[in-house]
Amino acid sequence: MNAIPLTHVLMVSTALFFIGVYGFFTRRNLITMLMSIELILNSVNINFVAFNKYLYPEQMEGLFFSLFTIAIAAAEAAVAIAIIINLYRTHSSIDVEDADELKL
Amino acid sequence: MQLFYLLKNEWMLSFMMVVLLILKVADNGRSHSSWIRIFNGLMLVLCVAGWLMPTVEGEAFGGMFFSYKAGAFAKNLLCTGTLFIGLIGEDWLKKTRHVVEFYLLIISTLMGMCFMISAGHMLMFYLSLELASIPLAAMCNFGFEERRSGEAAMKLILSSAFSSGLMLMGISFLYGATGTLSFAQLTLMSSYEPLFIIGFVLLFTGIVFKLSVVPFHLWTADVYEGSPAPVTAFLSVISKGAMVMVFAYILYHVFGALNDVWYTLLYVLSIATMVIGNLFAIRQQNLKRFLAFSSITQIGYILVGISGSSAEGFTAAMYFIVVYLFSNIVAFGVITHIASKTGNETIDSYKGLAKTNPFLAWSMAIALFSLAGVPPTAGFFGKIFLLKAGVGTGNFVLIIVAALNMIVALYYYLRVIRAMFMDSNENAIQPLESGLSLRIALFVCLAGIILTGFAGSIYEYILNLNVGL
């Protein structure tokens with residue numbers, strides 16, 4: 001059953017986390033940036049589920065936490081997309097480089 | 001019945017939300033001023049009831065929710081602050097199209113903050129933090145046609161989503177290291193295990209992001225400048241106040257055993273925050289942006305107080321939040337009023353304000369003196385207590401840097417005051433008619449600025465709240 005060790009799962013989730021961080025910092029399209037954030041949140045979910053299953057199989061706290069994370073991520077994406085749509089109306093673009101009115 | 005008092009602010013806020021929704025469905029054609037009256041009335045009732053109802057200590061929902069005296073005080077304070085923000089924002093609210101929606105968002109954010117202060121479990125903490133930050137981004141977008149408002153909202157939602165991603169990663173590591181997420185268990189099981197430390201540092205980063213401490217402050221000025229003025233006031237006063245409370249609580253009572261780890265973090269971050277916040281504040285022209293950097297600097301001072309790691313540090317931080325709330329509400333009240341009447345937000349346009357609008361100019365001057373920490377105002381006492389709490393650790397370098405920064409800060413606060421009182425201007429802002437509610441809010445907060453400093457009993461009251469915590 002436990003043929004795959006915990007470290008392998010953690011490697012996947014860490015890789016996913018950093019792909020998300022990299023995407024967030026390099027992508028210029030707002031939707032893609034939002035997708036990168038979803039990657040980060042999903043890597044957290046993998047972490048929670050893996051820790052729960054491998055280390056603390058007697059309780060379910062980690063599983064529940066990941067369920068709540070999924071729900072919150074959906075809510076966040078809904079608001080973010082609404083904001084992006086409004087940004088598209090005023091800027092006619094969803095490129096972050098075009099939203100550059102506020103500067104130091 | 002105990003639950004009734006335990007959750008007093010939370011249930012009253014959700015009740016208020018339902019009332020507003022029913023009123024909206026029942027009569028859609030109500031005028032703006034009538035909505036404003038309804039909201040202010042309900043909020044006033046809520047604040048009075050909140051202060052008068054007895055505070056019960058205890059926990060609910062299997063330890064998920066945890067009420068303590070200092071937290072109850074902070075919740076009442078935040079609700080009162082929101083009432084004042086509703087009052088000062090009246091000029092702007094009359095012009096916005098969706099006034100009820102704005103109120104619903106503000107109430108849900110406030111409810112998130114109340115739950116966050118009382119959270120006793122990481123799940124509760126995360127959920128309430130998101131409840132407090134997602135509606136805020138929607139509020140920032142309330143200047144629908146303005147280009148910069150949309151930009152500010154986009155920056156806020158992306159940075160807050162990213163920071164909560166980091167924080168969640170930290171929470172998952174904490175879970176991996178200990179197998180529990182409840183604060184009470186985490187306190188018992190905290191250790192110097194590398195996984196636990198990494199988890200703690202990531203969690204710390206997530207919170208510090210929301211507090212806009214320096215390496216993570218880049219969103220602050222943009223969001224403050226782009227949002228409508230009452231939203232900026234809410235962001236800088238209520239949201240920051242709640243975050244400081246939660247931050248201090250988590251550091252002291254959940255990760256108290258890791259004292260030396262977070263002391264080092266706070267030491268470095270507070271110096272960076274004070275210095276960089278000050279340097280950037282000097283060169284700002286836009287007043288909202290200027291207050292953004294000023295609030296970053298104030299957070300730096302608060303970190304100095306918190307680093308004292310004693311009951312005094314916690315008390316000093318809370319006391320400073322009270323003072324900061326009054327001073328910032330007055331400053332933003334003046335800015336909101338002038339911005340929504342004339343559209344001017346720059347320091348240059350405030351030249352000669354003292355001749356045309358003496359009341360507004362004096363209010364602004366007193367608020368800025370309090371933020372700068374000039375003696376007769378409460379800001380002075382707030383800073384004294386913070387520094388005193390910081391000295392407790394015997395680290396004088398930190399205190400000297402903080403004191404030097406306060407002197408630098410005096411320069412840029414006085415720059416605004418000079419523009420208002422000494423510079424002459426041919427096309428100064430015309431005399432403005434200020435409404436009754438704005439005047440009430442300004443008078444109460446000005447009285448707060450003066451009296452909080454002299455009434456020593458307030459500090460003692462807050463200190464007593466923290467005893468036994």
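The table for this structure:
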quantity	calculated
Count of the range B:204-233 residues which are in contact with a Cys (Cβ under 9 Å, 6 or more places away or on another chain), within 12 Å of chain A (Cβ to nearest Cβ) and of a type in the set (S, T, N, Q)	1
Hits in the range B:106-119 (condition: open to solvent by less than 10 Å² (accessible area, probe 1.4 Å) and of a type outside the set (S, T, N, Q))	B:Ile106, B:Ile107, B:Leu110, B:Gly112, B:Met113, B:Cys114, B:Met116, B:Ile117, B:Ala119
Per-region count, the range B:153-170, residues more than 7 Å from every other protein chain (Cβ to nearest Cβ) and touching a residue at least 40 places away in the same chain (Cβ under 8 Å)	8
Exclusive hit being open to solvent by less than 70 Å² (accessible area, probe 1.4 Å), assigned to a loop (DSSP other than H, G, I, E, B), in contact (Cβ under 8 Å) with a residue 12 or more places away in the chain and aliphatic (A, V, I, L, M), set B:Ile429, B:Ile417	B:Ile429
Residues that are open to solvent by 10 Å² or more (accessible area, probe 1.4 Å), among the aliphatic types (A, V, I, L, M) and farther than 13 Å from B:Ile238 by Cα, drawn from the range B:317-346	B:Ala339
When residues of the range A:33-62 are limited to those that are open to solvent by 40 Å² or more (accessible area, probe 1.4 Å) and under 18 Å from the mean Cα position of the chain (by Cα), the one nearest to A:Ile94 (Cα to Cα)	A:Met35
Test: residue in the range B:287-294 that is closer than 17 Å to B:Glu345 by Cα, away from chain A (no Cβ under 14 Å) and small (Gly, Ala, Ser)	yes
Helices (runs of 4 or more DSSP H) within the range B:68-151 that include 3 or more residues in contact with a Cys (Cβ under 6 Å, 6 or more places away or on another chain)	B:69-88
Extreme residue, farthest from the chain's Cα centre (by Cα), among residues of the range B:171-196 that are at the interface with chain A (Cβ under 9 Å from one of its Cβ atoms) and not in a helix (DSSP H, G or I)	B:Gly179
When residues of the range B:1-35 are limited to those that are farther than 18 Å from B:Glu101 by Cα and of a type in the set (S, T, N, Q), the one most open to solvent (accessible area, probe 1.4 Å)	B:Gln2
Scan of the range B:199-244 for residues that are open to solvent by 10 Å² or more (accessible area, probe 1.4 Å) and among the polar types (S, T, N, Q), ordered by number	B:Thr205, B:Ser239
Among residues of the range B:49-67, those that are surrounded by 13 or more Cβ atoms within 10 Å (Cβ to Cβ) and part of a helix (DSSP H, G or I), counted	3
Residue among B:Ile417, B:Ile329, B:Ile338 that alone is at pLDDT 90 or above and touching an Asp or Glu at 6+ places or on another chain (Cβ under 9 Å)	B:Ile338
Filter pass, B:Phe173 being out of contact with any Cys (no Cβ under 8 Å at 6 or more places or on another chain) and open to solvent by less than 30 Å² (accessible area, probe 1.4 Å)	no
Enumeration of residues in the range B:142-152 that are open to solvent by less than 10 Å² (accessible area, probe 1.4 Å) and facing chain A (nearest Cβ under 8 Å)	B:Gly150, B:Glu151, B:Ala152
Filter result for B:Phe359 (within 30 Å of B:Thr264 (Cβ to Cβ), part of a helix (DSSP H, G or I), open to solvent by 40 Å² or more (accessible area, probe 1.4 Å) and of a type in the set (Phe, Trp, Tyr))	no
Condition met for B:Leu129 (within 16 Å of B:Met167 (Cβ to Cβ), among the hydrophobic types (A, V, I, L, M, F, W, C), within 11 Å of chain A (Cβ to nearest Cβ) and within 16 Å of the chain's Cα centre (by Cα))	yes
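The values are calculated or read from the model by the stated rules, or taken from the named source; none is laboratory data. In this text, all values refer to a predicted model and were calculated from it rather than measured experimentally. A quick note on method: Cβ atoms are made from the backbone with ideal geometry, for glycine too, and the neighbour counts reach across all protein chains shown. Side chains are part of the model used for accessible areas, which takes the heavy atoms of the whole protein and leaves out ligands, DNA and RNA. Shrake-Rupley method; radii C 1.70, N 1.55, O 1.52, S 1.80 Å.
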